[in-house]
1. How far is it, in nm, from the label point at Asn117 to the one at Ala10 when both lie 7 Å from their Cα along the line to the Cβ?
2. Gap in Å between the Cα centre of region 56-70 and the Cα centre of region 74-128?
3. Show me, for region 101-113, the HN-Hα J-couplings you get by feeding each phi into the Karplus relation (A = 6.51, B = -1.76, C = 1.60, θ = phi - 60°), rounded to Hz, glycine and proline as x.
4. So between Ala21 and Met91, what do we pick up on full extension, going 0.36 nm a residue minus the alpha carbon distance?
Amino acid sequence: MKPRTATETAIICAAGVLTVALVTIPFELSPSGSANHSAKGVTWLALTGVIALGLILGFRYLTTRKRAQLELTGSEQYRQLADEYRRLADMAITAQEHTDLKLGDVSVQLDYVREQNESLQKILKEVE
């Protein structure tokens, strides 16, 4: 994962300072009797803000990770690997075709040798 930029770090720090300020200011400014009700509202507001910030940063992390995966699959290295695979597949097909041709030639030669052998055996039987 890449390090945060200065802008992202500043946003996180500002959100933290804002959260601390929202939580502590009501305790200092309000009278002791009504501080509890006001503090709860501000606390929930700050907590909601922190959760929203966490969700935004999590979403940003997931999109960055997905983008990195897409760049990896679309990169030049992937293309070179695919080209190499195609080249090797073509070579394998060519080698198989050559093998089939050679086997055909051997089969023809073997048939010729069998015919010669049969002919030779006929001649030997006639000579006996």
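1. 9.1
2. 53
3. 5, 5, 5, x, 4, 5, 5, 5, 5, 5, 4, 4, 5
4. 18.2 nm
Each value in this text was obtained by applying a stated rule to the coordinates, not by laboratory testing. No experiment lies behind these values; they were computed from the predicted model shown. With ideal geometry, Cβ positions are generated from the backbone for all residues, glycine too; neighbour counts draw on all protein chains shown.
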